[in-house]
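One structure is given below, encoded as structure tokens.
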Amino acid sequence: MTEAVGTCLICDNLLEFLKTLPWCKQEGDILVAVHTCTPELIVAFTDHEARVFPGGTKIKINKSWLAYLQEKNGEGTPLPILLVWRSHGIELWYRQHKSWDFPYDMWKNPVAQAYEREQVLLPASHVSHKFKQYHQDILQKVKACPANIPPQ
């Protein structure tokens, strides 16, 4: 399974949305945000593969999972998602098992850290030149993450 090559229009639209999120920073240039899985994020999943951790096995995102995310959003109970914005790309982390407590439970409970979680990576190379600019702009404005958010 290979990723689409070239600039992703969905990714550019997502960048505009990401600028509005409440970010904090870690280790110099890593941005972290917890948000609900809104349509802006759900659409970003469709053209990218996921990796299952622990292990990093690549998988195709199941259409029923995307439908479930859309259904929950439509009901007004969107699932939480962890966003990690690094210089090489934006990671969208989520968990299908016990997803409602993610990521807070894994930050507090070693048992929850072992639960399978999935990550979709939106590489910087798929996004326009705005990627670096927006990343730097946000880094300059936000504060350090609270101590209860471990390094990502």
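Applying a threshold of 8 Å to beta carbon distances and a minimum spacing of six or more residues, or different chains, the list of pairs starting in the range 131-142 at a residue that is under 18 Å from ASN13 (Cα atoms) and ending at one that is of a type outside the set (A, V, I, L, M, F, W, C) and open to solvent by 90 Å² or more (accessible area, probe 1.4 Å) reads TYR134/LYS19; ASP137/LYS19; ILE138/LYS19.
Contact map, the range 92-105: first residue among the hydroxyl-bearing types (Ser, Thr, Tyr), second residue open to solvent by less than 30 Å² (accessible area, probe 1.4 Å), Cβ cut-off under 6 Å, separation 6 or more or different chains; pairs are TYR94/ILE81; TYR94/GLU118; SER99/LEU79. Among the residues of the range 59-98, those that are out of contact with any Pro (no Cβ under 7 Å at 6 or more places or on another chain), farther than 18 Å from CYS24 by Cα and open to solvent by less than 40 Å² (accessible area, probe 1.4 Å) comprise ILE61, TRP65, LEU66, LEU69, PRO78, LEU79, TYR94, ARG95.
Scanning the range 77-102 for residues that are in a loop (DSSP other than H, G, I, E, B) and under 30 Å from HIS129 (Cβ atoms) yields SER87, HIS88. Entry remark, the range 117-135: residues being under 18 Å from GLN152 (Cα atoms) and at pLDDT 90 or above number 6 in total.
Take the residues in the range 106-118 that are free of Cβ contacts under 8 Å to residues at least 12 places away in the same chain and hydrophobic (A, V, I, L, M, F, W, C), then tell me which one is surrounded by the fewest Cβ atoms within 10 Å (Cβ to Cβ). Top of the filtered list is VAL111. The set of residues in the range 35-76 that are within 13 Å of GLU118 (Cα to Cα) and part of a strand (DSSP E or B) comprises ALA50, ARG51, VAL52, PHE53, THR57, LYS58, ILE59.
If you check LEU9 against the conditions, is it of a type outside the set (S, T, N, Q), out of contact with any helix residue (DSSP H, G or I) (no Cβ under 6 Å at 6 or more places or on another chain) and modelled with pLDDT under 90? Yes, satisfied. Hey, among the residues in the range 137-152 that are exposed (fewer than 12 other Cβ atoms within 10 Å of the Cβ) and of a type in the set (S, T, N, Q), which one's farthest from the chain's Cα centre (by Cα)? Filtering first and then ranking leaves GLN140. Look at (1) of a type in the set (Gly, Ala, Ser); (2) farther than 14 Å from LEU15 by Cα; (3) open to solvent by 20 Å² or more (accessible area, probe 1.4 Å); (4) in contact (Cβ under 8 Å) with a residue 24 or more places away in the chain and you find that ALA50 fails only one, number (3). Just to be sure, is LEU121 under 21 Å from THR36 (Cα atoms), open to solvent by less than 40 Å² (accessible area, probe 1.4 Å) and out of contact with any Ser or Thr (no Cβ under 8 Å at 6 or more places or on another chain)? The answer is no for LEU121. Considering the range 108-152 alone, what residues qualify as being among the basic types (Lys, Arg) and not in a helix (DSSP H, G or I)? Within the range 108-152, ARG117, LYS143 qualify.
Within the range 114-131, being under 17 Å from the mean Cα position of the chain (by Cα) and under 21 Å from ARG86 (Cβ atoms) holds for ARG117, GLU118, GLN119, VAL120, LEU121, LEU122, PRO123, ALA124, SER125, HIS126, VAL127, PHE131.
The values are calculated or read from the model by the stated rules, or taken from the named source; none is laboratory data. Everything numeric in this text was worked out from a predicted model, so none of it was measured. A quick note on method: Cβ atoms are made from the backbone with ideal geometry, for glycine too, and the neighbour counts reach across all protein chains shown. Keep in mind that these areas ignore ligands, DNA and RNA; they rest on the heavy atoms of the full protein, side chains included. Shrake-Rupley method; radii C 1.70, N 1.55, O 1.52, S 1.80 Å.
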